[in-house]
Amino acid sequence: MLIKSKIIELDEWLFIEEIPDQYQPDKPLVEKREEIVRSPIIMNNFQLSTSGLFILYTEMQADRPAHIYTEIEGEAITSQFIFFKSPNSKLPYGMSRHNIRYIPTVKNSHEVKAGIAYTYFIAVISKEYYLNLIKKDSLLHKHFVEQIEKGHYTSFADEDQMATYEMQQTIRELIDSKKTGEIRRLHTESHIVELLMYQFEQYNEKHNNKGSSSLYDEDNVKKLELARQILEQRMANPPNQKELAQEVFMSESKLRKDFKEYFSVTVHDYLTRIRMEKARILLLEEKISVYEVAIYTGYGHQNNFSSAFKKYFGISPGELKTGK
């Protein structure tokens, strides 16, 4: 695969990467970090590559409209996420969209609007590598593989979906990992599979409930997304469901019903999920006590936290922390 990209207004390549298509488990990872400050763009890039895989994570903002041009040569599957937030957005984390695509070869450009903070994540995976990660006969992507075999450009989901908390955390763990060598490669591969699984899961849930998502206009979607982000941002001291409904200008009953239908999880269960996932990350990667994790995730007593954690994961926080 040949992957290259540039800012059209600067007329110079940000990168040109030639990635072998063949899956080679013993191929080392190559990491690059770069900051670009040249009007009209401010950009921080992180790249990770190995045989069959190229990852780009970019945070950028423009002081006037700019355009990014990208070329991908060779058969590739992409897992692509875009997060964007305008200065006057009421959403703490802005909006997002993502999809999985099969690209035989592509050349495209898109606009970076002035004053909007963008974060891009894309994993470009060779066809061979992808079918090594997700077996060809898996029912998870049957319709997708049929189009790949025909060589047709296709998107896994007809419409881009919004990124969930779990997807965002998986991307963050992948980018921020301090692991090295073979452990880093295995960590990266496992997180790419995890990310794809979350994308498959979200699509299949929406597909099985086909028709329900069409009931939500843009205004309702933004209200539900705001409710979700409030829970994520304030998990240590979240509003109750009545207060949350008031904050997003919905009735409590409508919030409960629409949240469950749109996100395929209740408000209560979603709050539990994000608390447990955050606790797991803190216990594994931060040098803080179980008591501190309990307080950080909104549990007033360590015993309550430990009971909830064991019910969710099947092991106690202490056992996870010590690896016993």
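The values are calculated or read from the model by the stated rules, or taken from the named source; none is laboratory data. Since we're looking at a predicted model, the values are computed, not measured. All Cβ positions, glycine included, derive from the backbone under ideal geometry; neighbour counts span all protein chains shown. Protein only, heavy atoms only, side chains kept; ligands, DNA and RNA dropped before computing areas. Shrake-Rupley method; radii C 1.70, N 1.55, O 1.52, S 1.80 Å.
Can you spot a residue in the range 295-307 that is in contact (Cβ under 8 Å) with a residue 40 or more places away in the chain, open to solvent by 40 Å² or more (accessible area, probe 1.4 Å) and closer than 27 Å to residue 225 by Cα? Spell out the reasoning first.
Restricting attention to the range 295-307, the residues satisfying the condition of being in contact (Cβ under 8 Å) with a residue 40 or more places away in the chain are 295-298.
Filter again for open to solvent by 40 Å² or more (accessible area, probe 1.4 Å), leaving 295-296.
Next cut, closer than 27 Å to residue 225 by Cα only: 295-296.
Taking every residue of the range 295-307 in turn, at least one turns out to be in contact (Cβ under 8 Å) with a residue 40 or more places away in the chain, open to solvent by 40 Å² or more (accessible area, probe 1.4 Å) and closer than 27 Å to residue 225 by Cα.
Take the residues of the range 273-292 that are within 20 Å of residue 232 (Cα to Cα) and basic (Lys, Arg): which is modelled with the highest pLDDT?
275
Of these, 66, 114, which one is in contact with a strand residue (DSSP E or B) (Cβ under 7 Å, 6 or more places away or on another chain), open to solvent by less than 20 Å² (accessible area, probe 1.4 Å) and assigned by the TED database to the domain that holds residue 50?
Values: 114 fails: open to solvent by less than 20 Å² (accessible area, probe 1.4 Å).
Answer to the check: 66.
Looking at the range 134-158 only, could you name the residues that are open to solvent by 30 Å² or more (accessible area, probe 1.4 Å) and in contact (Cβ under 8 Å) with a residue 12 or more places away in the chain?
140, 147, 151, 152, 153, 155
For residues that are among the hydrophobic types (A, V, I, L, M, F, W, C) and open to solvent by 40 Å² or more (accessible area, probe 1.4 Å), tally how many sit in the range 6-28.
The total comes to 3.
With the range 41-105 as the region, which strands (runs of 3 or more DSSP E) entirely inside it contain at least 3 residues that are aromatic (Phe, Trp, Tyr) and touching a residue at least 24 places away in the same chain (Cβ under 8 Å)? It would help to see each step written out before you state the result.
Working: elements: 41-50, 53-62, 66-85.
In the range 41-105, the matching strands (runs of 3 or more DSSP E) lie at 66-85.
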